[in-house]
Amino acid sequence: MSARMNRRHRLLTVPAALAASALLLTACVSNEPAEEEGESTSEDGGGSEAMSDNDAPGDEVVIGFSAPAADHGWMGAITSAAEAEAENYEDVELRVAEGTNDVNVQISQIEGFIADGVDAIVLLPFDGAALTDVATEAMEAGIPVINVDREFSDPFAARTTVLGDNYGMGVSAGQYICEQLGDQPDAVVAEIQGIASLPLTQDRSQGFEDALGDCGLDVDNQVAAEFTVQSGESVTANLLQAAPQIDAIWNHDDDQGVGVLQAIENAGRDEFFLVGGAGSANMMREIESGDSVVQATVIYPATQAADGIKLARLVAHENNMSDLASSSVPRTVQLYAPVVTSDNVDQYLPNAFES
């Protein structure tokens, strides 16, 4: 019997009280019935309460983790959060592959995890389509894959997918701008995208356009940067030269936002307000200061891979999220895109990433 089958056999044959102690995202319940000694049911008999601590140690779970290079703040935070989350569990061994933007290298990393027989893989692909085949190979080998942020081209390549809400980011940004300018039908709105060709960028822009349309506004000026400080500064300088009057700007990415703010300072412009994207600590401090053009930012959680670690552990232990009535982890988990303003910045700043 293989090591993998041995681990699975132990999971299926341990005493129920131990099986009921497996884990979950925040406060989770096991899928064991509630009749075991020491467990409790709700007083009205209408269902079960949280009957076990799913963070209690269980059988060892070996998780392989691969993500692109940490070449900007958000991606660095993704990997750091995943590593920190794994440290919370003494039964998790996390094997972290070196971050890479080379698709072929990342494919080799996943092939290595398959050969090693890990229990689960958490994968944020540099290119979702390009990593689909090797992820499918892992799934066919009996290794559950948790796909993070950039979707595979085949849904069967992953057991579960953890996503930010790109369309929702655009909606949140547009709704905020509508709240500020909705009574000004002639207001000029500009948009600074990330990489225009990416589906995630297109989703953000579509959500933004749809939300603005609800209050009679539209995007008057749109430029695309490359998610870098340098590109943010150069395209914003061009935007400001082309548009002598602007009322609001949505910048998709707070990392490139460092360059965006530099260009704004260089141009001496402050007649507009700016809404950021992703939720960096830099932009939140600008909001907190009260004397910046940055008035808000929209969260794109850097906790996605950390959630992926939790879900990988859940799947390996055959448990589910506590607040769901169903018996297994969902196929898709999509995270919310809240707006951070001066009213709630204190809530979000302590956990924000640095650009």
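The values are calculated or read from the model by the stated rules, or taken from the named source; none is laboratory data. Please read these numbers as outputs of a predicted model, since none were measured by experiment. For neighbour counting, all protein chains shown are included, and Cβ atoms are generated from backbone atoms with ideal geometry for every residue, glycine included. Please note that ligands, DNA and RNA were not included when accessible areas were found on the heavy atoms of the full protein model with its side chains. Shrake-Rupley method; radii C 1.70, N 1.55, O 1.52, S 1.80 Å.
The table for this structure:
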{"read-out": "Any chance VAL235 is at pLDDT 95 or above, open to solvent by 20 Å² or more (accessible area, probe 1.4 Å), part of a helix (DSSP H, G or I) and within 21 Å of ILE78 (Cβ to Cβ)", "value": "no"}
{"read-out": "Close pairs (6 angstrom Cβ cut-off, 6 or more residues apart or separate chains): within 16 Å of GLY64 (Cα to Cα) in the stretch 139-157, assigned to a strand (DSSP E or B) and of a type in the set (Ser, Thr, Tyr) anywhere", "value": "ILE146/THR160; ASN147/THR161"}
{"read-out": "Matching residues in the stretch 119-136 - criterion: being part of a loop (DSSP other than H, G, I, E, B) and surrounded by 19 or more Cβ atoms within 10 Å (Cβ to Cβ)", "value": "ASP119, LEU124, PRO125, PHE126, GLY128, LEU131"}
{"read-out": "The stretch 242-258, subset of a type in the set (Gly, Ala, Ser) and open to solvent by less than 10 Å² (accessible area, probe 1.4 Å), residue nearest to GLN175 (Cα to Cα)", "value": "ALA248"}
{"read-out": "Unmet requirement for LEU324, which otherwise passes all of (1) among the aliphatic types (A, V, I, L, M); (2) touching a residue at least 60 places away in the same chain (Cβ under 8 Å); (3) within 22 Å of VAL122 (Cβ to Cβ)", "value": "(2)"}
{"read-out": "Qualifying positions in the stretch 179-204 - out of contact with any His (no Cβ under 7 Å at 6 or more places or on another chain) and either assigned to a strand (DSSP E or B) or open to solvent by less than 20 Å² (accessible area, probe 1.4 Å) (or both)", "value": "LEU181, ALA187, VAL189, ALA190, GLU191"}
{"read-out": "Filtered residue count, the stretch 311-355, keeping only those that are open to solvent by less than 80 Å² (accessible area, probe 1.4 Å) and among the acidic types (Asp, Glu)", "value": "1"}
{"read-out": "Of the criteria (1) at pLDDT below 95; (2) over 21 Å from LEU311 (Cα atoms); (3) open to solvent by 20 Å² or more (accessible area, probe 1.4 Å), which one GLU98 fails", "value": "(1)"}
{"read-out": "Verdict on ALA224 being among the aliphatic types (A, V, I, L, M) and touching a helix residue (DSSP H, G or I) at 6+ places or on another chain (Cβ under 9 Å)", "value": "yes"}
